[in-house]
1. In terms of modelled amide H atoms, which long-range or inter-chain residues lie less than 5 Å from the amide H of residue 314?
2. Accessible area of the chain with a 1.4 Å probe: how many percent of it is carbon plus sulfur?
3. Using the crude model of +1 on Lys and Arg Cβ and -1 on Asp and Glu Cβ, and no other charge, please compute the dipole size for the chain relative to its Cα centre, in debye to 20.
4. Under 8 Å for C-alpha pairs, at least 6 residues apart: give me the relative contact order for the range 155-291, rounded to a whole percent.
5. Solvent-accessible area per residue for the chain at a 1.4 Å probe radius, Å²?
6. What's the magnitude of the charge dipole for the range 183-326 around its Cα centre, counting Lys and Arg as +1 and Asp and Glu as -1 at the beta-carbon? Answer in Debye, nearest 20.
7. Give me the one-decimal Kirkwood hydrodynamic radius in Å for the range 169-326, with the sum taken over alpha-carbon pairs.
8. Put +1 on the Cβ of each Lys and Arg and -1 on the Cβ of each Asp and Glu in the range 1-107; which of 6, 107, 85 then has its Cα farthest toward the positive end of the dipole?
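The values are calculated or read from the model by the stated rules, or taken from the named source; none is laboratory data. Bear in mind that the values here come from a model prediction, so they are computed numbers and not experimental data. As a convention, Cβ positions derive from the backbone with ideal geometry for all residues, glycine included, and neighbour counts pool all protein chains shown. The accessibility values were calculated without ligands, DNA or RNA, using every heavy atom of the protein model including side chains. Shrake-Rupley method; radii C 1.70, N 1.55, O 1.52, S 1.80 Å.
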Amino acid sequence: MKAIRVKEFGGPEVLRLEEGQTLRPGPDQVLVRMHAAGVNPVETYIRAGKYARLPALPYTPGNDGAGVVEQVGSDVTEFKASDHVYTSGSISGTYAEFALCKKEQVHPLPVNISFAQGAAMGTPYATAYRGLLQRADAKPGETVLVHGASGGVGTAAVQLARARGLRVFGTAGSDDGINLTRQQGAHEVFDHRAPDHFEQIMKATGGHGVDVIVEMLANVNLGKDLTILAKGGRVVIIGSRGPVEIDPRNTMQRDADVRGMTLPNTPPAELASIHAALVAGLENGTLRPAIGKEFPLADAAQAHRAVMESGALGKIVLVPWEARKK
């Protein structure tokens with residue numbers, strides 16, 4: 001099979017398509033023929049060697065993907081060959097034609113959902129669900145602000161919030177991003193290029209403030225986030241690219257909480273409940289992943305550059321079958 005291999009940490013150019021070994025599942029494992037692999041910002045940090053948890057070299061990147069079950073281990077009864085599935089983790093890496101997974105990392109993919117959409121579920125939707133509904137404990141009727149609402153995690157958060165019965169505000173940094181955020185169901189969308197967009201958000205709440213903020217870039221926004229929170233408001237930090245200075249009085253005045261999260265910290269039982277809810281959302285149509293760009297597997301380096309560009313829209317995926325056409 002063909003797979004992307006990383007033999008040294010560095011820039012996108014270290015992502016190289018190579019011929020890999022044949023994979024066979026162990027007793028509690030599932031082998032998936034990948035039809036799409038999700039690309040996430042965290043994978044660029046790992047590739048660059050700038051992440052807290054680094055794999056041993058060489059390795060194949062990727063946790064998210066979707067495809068068809070090729071083979072199951074002797075102890076696996078939940079899946080069978082030819083089942084459509086998405087993955088939320090992988091033993092061997094999903095930037096490949098085949099991926100070996102633990103059975104807990106594999107989830108049913110409804111037949112009305114494309115493989116590219118399935119590849120958007122593992123990290124973006126699980127992160128949005130964990131942040132919005134488990135860590136921030138968002139309640140129906142509350143107002144939520146999703147920063148960067150046009151990206152992979154952002155569109156997921158908007159859809160989940162609407163399905164939960166929240167009033168949803170989103171920010172985006174381009175006309176296309178603003179339109180996409182509206183299409184996902186946001187009640188109000190604000191252009192974060194406008195210097196007064198925090199004032200606009202506060203005005204839209206009638207001076208009450210927002211109850212929950214889903215924060216993708218805390219090093220830029222956190223200080224101002226605290227000024228537009230309602231009493232008892234919560235900020236959940238999903239992303240940050242550096243330090244930030246805040247005024248603690250803004251938390252005191254509002255009895256506000258700032259809560260961090262990273263998906264690998266999720267207890268197994270809570271992770272299982274997340275994916276049970278996500279599969280149900282796909283089945284009933286409340287969740288509909290937005291796909292931005294698709295790249296052939298051989299162009300993984302280009303995909304890594306694209307996922308870090310400002311204003312990226314929707315989910316970026318790799319399509320492994322294209323590698324066989326080259």
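1. Those lying under 5 Å, H to H, from residue 314 are 151, 152.
2. Details: 7020 of 14220 Å².
Taking all protein chains in place, the chain shows 49 percent carbon and sulfur surface.
3. Numbers: 35 positive and 34 negative charges, 33 e Å.
That gives the chain a dipole magnitude of about 160 debye.
4. On the way: 182 pairs, mean separation 25.5, N = 137.
Reported relative contact order: 19 percent.
5. Values: 14220 Å² over 326 residues.
Heavy-atom accessible area per residue stands at 44 Å².
6. So the magnitude is around 400 debye.
7. On the way: mean 1/r = 0.0549 Å⁻¹.
Final number for the Kirkwood radius of the range 169-326 is 18.2 Å.
8. Working it through, the farthest residue towards the positive pole turns out to be 6.
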